[in-house]
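Beneath this line is the structure, given in structure tokens, with notes to follow.
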Amino acid sequence: MIMNNCRNCGNEIHPFMSFGKMPIANAFLTQKQFSDEYKFELQVQFCEKCGLVQLLDQPTPEKMFHENYAFFSSTSNRMITHFKKFSEIVKDKYLIGKDPFIVEIGSNDGIMLKNFAEDKIRHLGVEPSLNVAEVARSNGINTICKFFDENLAKEIVNEYGKADSFLSANVMCHIPFIHSIAEGINILLKFDGVLIFEDPYLGDIIEKTAYDQIYDEHVFYFSATSVSSIFKIHGLELIDVDHQNTHGGSMRYTLSHKGSYVPNMKVRELLDKEKSLKLHLPDVYNEFRFRVEKSRDELFSLLSKIKSEGKRVVGYAATSKSTTVTNFCNITPDLVEFISDTTPIKQGKFSPGTHIPVLSHDVFAKHYPDYALLFGWNHAEEIMEKEKEFSASGGKWIIYVPSVQIM
Ligand code: DWN
Ligand code: SAH
């Protein structure tokens, strides 16, 4: 839905960057589907009043999250470890009462909740994409296949009672009806309960020119400033912030009902830092746009030069982010032969918009290319560790965040 007004405060806002027509980032498709591919205008805007960076238009949630959703959280071992550690913090710090109850939205294949299910802690996952929800269920994780909102929060309270912890990772920034979510959490959380969620952090996106975080699913690009503004309206206060290295730089926000906890110093410090970085003023976004356009031109030139030398380039990891990069930079199959990806549902299909074949990792390993274009740059450590043989055989990595370079 197109929104010219801020989804949080209603203030009139203006776009600062347009990517043109884009497909759904996770709509990997067959050749037969090429002719009627859905596209929408990908534009980002920011609100000077509350600091919320957001998309102008976003496809409906049902177009993006359904029974054929292509992203399965447990494809990264590092992320499995990350969520184990996340769950340990919740257990140690916040589950101190008797028979606690946890709700997680966007629980996907159960990557986080399995750590609670294993300890027989009462839990509920809310996951609208049926195929990934089924994986969680088959692993014994209690999951309902619905979109979370205020009404569902009331139904959950009726059936299970109130929650001690409400968790989400890389989900809150996907949901346009944010006030229904925040009110739902207000209703669902016990007085001394906590909301803990993490999402890619606006400060990192700007600093690293990580423009590929901008795609249909990510309607919001949060900062501590915008998060505290949204949830304050629903009586929820930001009490802790904790920077994470996951997904190229994320922020974990902890909130509680006002008066139940005392916000720590880190919250004030981050709010002050965001002010000094001027994340609420247009200059930052105009400079970002300039750097993004430079990065696009450099990546296209580099790939064209490599092609003219008769060398092979293969994409590594058919991430959602790669859909923005390939479409925005005009990277077609003549520049990138195929994209190697470990997710079975993506293999044998083509990348959205640019129609680059997506093939299994076996194909990559059988005949190494000269260059691998690292679309999964956020998993660089994990991937480089796995691909030592590729590097040893003379293969080179191309990265584009924070800048275009051959490694
Ligand atoms: O916010 C979101 C994050 C959490 O996950 C969602 N909107 C969708 C998704 O974004 P993404 O697709 O950019 O996620 P990743 O985790 O950067 O990439 C996952 C893809 O990378 C999968 O298709 C699997 C692939 N991959 C691979 O082929 N080899 C991943 C690793 C670690 C590998 O070694
Ligand atoms: N938490 C996982 C998955 C993130 S992908 C991780 O960090 O890896 C985003 C997930 O949010 C998808 O599985 C999608 O189906 C889910 N989602 C989208 N809108 C939602 C909503 N309104 N309520 C609950 N989950 C939602």
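The values are calculated or read from the model by the stated rules, or taken from the named source; none is laboratory data. Owing to the predicted nature of the structure, the values given are computational and were not obtained by experimental measurement. Heads up, the Cβs are rebuilt from the backbone with ideal geometry, glycines too, and the neighbour counts pull from every protein chain shown.
Remarks
- Some residue of segment 186-197 being at pLDDT 95 or above, over 21 Å from THR254 (Cβ atoms), touching a helix residue (DSSP H, G or I) at 6+ places or on another chain (Cβ under 8 Å) and assigned to a strand (DSSP E or B): no
- The set of residues in segment 118-134 being under 24 Å from the mean Cα position of the chain (by Cα) and either surrounded by fewer than 19 Cβ atoms within 10 Å (Cβ to Cβ) or under 24 Å from TYR261 (Cβ atoms) (or both) consists of HIS123, LEU124, LEU130, ASN131, GLU134.
- Screening GLN54 with (1) more than 21 Å from ASN245 (Cβ to Cβ); (2) surrounded by fewer than 17 Cβ atoms within 10 Å (Cβ to Cβ) gives one miss only, at (2).
- Residues of segment 326-342 that turn out to be touching a helix residue (DSSP H, G or I) at 6+ places or on another chain (Cβ under 6 Å) and under 24 Å from HIS66 (Cβ atoms), as a count: 1
- Checking each residue of segment 186-198 against the condition of being within 11 Å of the chain's Cα centre (by Cα), surrounded by 19 or more Cβ atoms within 10 Å (Cβ to Cβ) and touching a residue at least 12 places away in the same chain (Cβ under 8 Å) gives at least one match.
- Among the residues making up segment 308-329, those that are surrounded by 15 or more Cβ atoms within 10 Å (Cβ to Cβ) and either among the basic types (Lys, Arg) or farther than 22 Å from PHE390 by Cα (or both) are ARG312, SER320, LYS321, THR323, THR324, VAL325, THR326, ASN327, PHE328, CYS329.
- Here the condition is being more than 16 Å from ligand 1 (Cβ to nearest atom) and within 24 Å of PRO59 (Cα to Cα); of GLU207, GLU183, GLU237, it holds for GLU183 alone.
- Failed condition for LYS146, given (1) near ligand 2 (Cβ under 9 Å from one of its atoms); (2) buried (at least 19 other Cβ atoms within 10 Å of the Cβ); (3) more than 25 Å from ALA380 (Cα to Cα): (2)
- Condition check for THR343: under 24 Å from SER250 (Cα atoms), modelled with pLDDT of 95 or more and part of a loop (DSSP other than H, G, I, E, B): yes
Per-residue answers, yes or no, for (1) within 30 Å of ASP283 (Cα to Cα); (2) part of a loop (DSSP other than H, G, I, E, B); (3) within 16 Å of ligand 2 (Cβ to nearest atom); (4) of a type in the set (D, E, K, R):
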{"residue": "ALA25", "(1), (2), (3), (4)": "yes, yes, yes, no"}
{"residue": "VAL44", "(1), (2), (3), (4)": "yes, no, no, no"}
{"residue": "GLY51", "(1), (2), (3), (4)": "yes, yes, no, no"}
{"residue": "VAL90", "(1), (2), (3), (4)": "no, no, yes, no"}
{"residue": "LYS93", "(1), (2), (3), (4)": "no, no, no, yes"}
{"residue": "ILE102", "(1), (2), (3), (4)": "no, no, yes, no"}
{"residue": "SER107", "(1), (2), (3), (4)": "no, yes, yes, no"}
{"residue": "MET112", "(1), (2), (3), (4)": "no, yes, yes, no"}
{"residue": "LYS120", "(1), (2), (3), (4)": "no, yes, no, yes"}
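- For LEU303, the conditions (1) crowded, with 16+ Cβ neighbours inside 10 Å; (2) within 16 Å of ligand 1 (Cβ to nearest atom) all hold with the exception of (2).
- Per the listing GLU48, GLU41, the residue uniquely of a type in the set (Asp, Glu) and either over 20 Å from GLU217 (Cβ atoms) or over 23 Å from the mean Cα position of the chain (by Cα) (or both) is GLU48.
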